[in-house]
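Asker: If you scroll down you'll find the structure; I have some questions about it.
The values are calculated or read from the model by the stated rules, or taken from the named source; none is laboratory data. Here the structure is a predicted model, which means the values were calculated and not measured. Cβ: placed from backbone, ideal geometry, glycine included. Neighbour counts: every protein chain shown.
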Amino acid sequence: MRDELDEALCKKYPKIFKMRNATAQESCMCWGFSHGDGWYDILDAACANIQSHTDWKRKTEPYAGMSDEEFCDIHQPVAAQVKEKFGGLRFYVDNCDDYVRGVIAMTESMSYRTCEYCGSQGVKRPGGWIKTLCDPCNKKE
Ligand SMILES: [Zn+2]
């Protein structure tokens, strides 16, 4: 994904992408977002849901009594890797609860219906290198 979209997501969701500038030993997030620009919106929507759920959870018992550090260590979802594989988005996140797992499952399924390059409606294209693309982007390939 191009730099400005990468930076926009990291700025909007600093807690989820806190490992973005980690070393290769610490996190695969050091490689950035290894997919096309077309999936920015579904990733943005996923992160908005994940962070608002986590912020709400933070205020409820038994989490409200925890220190910020303790809560974040265990309950703040943190992206470990975001990439394309076999035509779909793979969004690997640490510290997931069931809600976050559901959001991620939905995000990954939407990627199979969304052109990886431009974000239009897409379909999975067979071939040696499987990609999910719209007709115009597929013709350009
Ligand atoms: Zn397209």
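Asker: Quick check on the stretch 39-52. Is at least one of its residues β-branched (Val, Ile, Thr), over 29 Å from Lys131 (Cα atoms), part of a helix (DSSP H, G or I) and out of contact with any strand residue (DSSP E or B) (no Cβ under 7 Å at 6 or more places or on another chain)?
Answerer: Taking every residue of the stretch 39-52 in turn, none turns out to be β-branched (Val, Ile, Thr), over 29 Å from Lys131 (Cα atoms), part of a helix (DSSP H, G or I) and out of contact with any strand residue (DSSP E or B) (no Cβ under 7 Å at 6 or more places or on another chain).
Asker: On to the next question. Which condition number in (1) surrounded by 19 or more Cβ atoms within 10 Å (Cβ to Cβ); (2) more than 21 Å from Lys12 (Cβ to Cβ); (3) among the polar types (S, T, N, Q) is the one that Ser120 fails?
Answerer: Evaluating Ser120 over (1) surrounded by 19 or more Cβ atoms within 10 Å (Cβ to Cβ); (2) more than 21 Å from Lys12 (Cβ to Cβ); (3) among the polar types (S, T, N, Q) leaves (1) as the failure.
Asker: Do you know which residues across the stretch 128-141 are assigned to a helix (DSSP H, G or I) and either more than 7 Å from the ligand (Cβ to nearest atom) or closer than 14 Å to Asp37 by Cα (or both)?
Answerer: Once the filter is applied, which keeps residues that are assigned to a helix (DSSP H, G or I) and either more than 7 Å from the ligand (Cβ to nearest atom) or closer than 14 Å to Asp37 by Cα (or both), the stretch 128-141 yields Asp135, Cys137, Asn138, Lys139, Lys140.
Asker: Could we say that Lys15 is touching a residue at least 40 places away in the same chain (Cβ under 8 Å), assigned to a loop (DSSP other than H, G, I, E, B) and among the charged types (D, E, K, R) here?
Answerer: Yes; evaluated as a whole, the condition is true for this residue.
Asker: Out of the stretch 110-127, which residues are within 8 Å of the ligand (Cβ to nearest atom) and hydrophobic (A, V, I, L, M, F, W, C)?
Answerer: If the condition is that a residue be within 8 Å of the ligand (Cβ to nearest atom) and hydrophobic (A, V, I, L, M, F, W, C), then Cys115, Cys118 are the ones that fit.
Asker: Quick check on my filter: what residues within the stretch 10-69 are surrounded by fewer than 13 Cβ atoms within 10 Å (Cβ to Cβ), under 30 Å from Gln121 (Cα atoms), modelled with pLDDT of 95 or more and hydrophobic (A, V, I, L, M, F, W, C)?
Answerer: None - no residue of the stretch 10-69 is surrounded by fewer than 13 Cβ atoms within 10 Å (Cβ to Cβ), under 30 Å from Gln121 (Cα atoms), modelled with pLDDT of 95 or more and hydrophobic (A, V, I, L, M, F, W, C), so the list stays empty.
Asker: Within the stretch 85-104, take every residue that is among the aromatic types (Phe, Trp, Tyr) and more than 13 Å from the chain's Cα centre (by Cα) and give me the one that is surrounded by the most Cβ atoms within 10 Å (Cβ to Cβ).
Answerer: Among those residues, the one meeting the criterion is Tyr99.
Asker: Just wondering, is there one or more residues in the stretch 88-100 that are touching a residue at least 40 places away in the same chain (Cβ under 8 Å), closer than 15 Å to Asp37 by Cβ, among the β-branched types (Val, Ile, Thr) and away from the ligand (no atom under 14 Å from the Cβ)?
Answerer: Taking every residue of the stretch 88-100 in turn, none turns out to be touching a residue at least 40 places away in the same chain (Cβ under 8 Å), closer than 15 Å to Asp37 by Cβ, among the β-branched types (Val, Ile, Thr) and away from the ligand (no atom under 14 Å from the Cβ).
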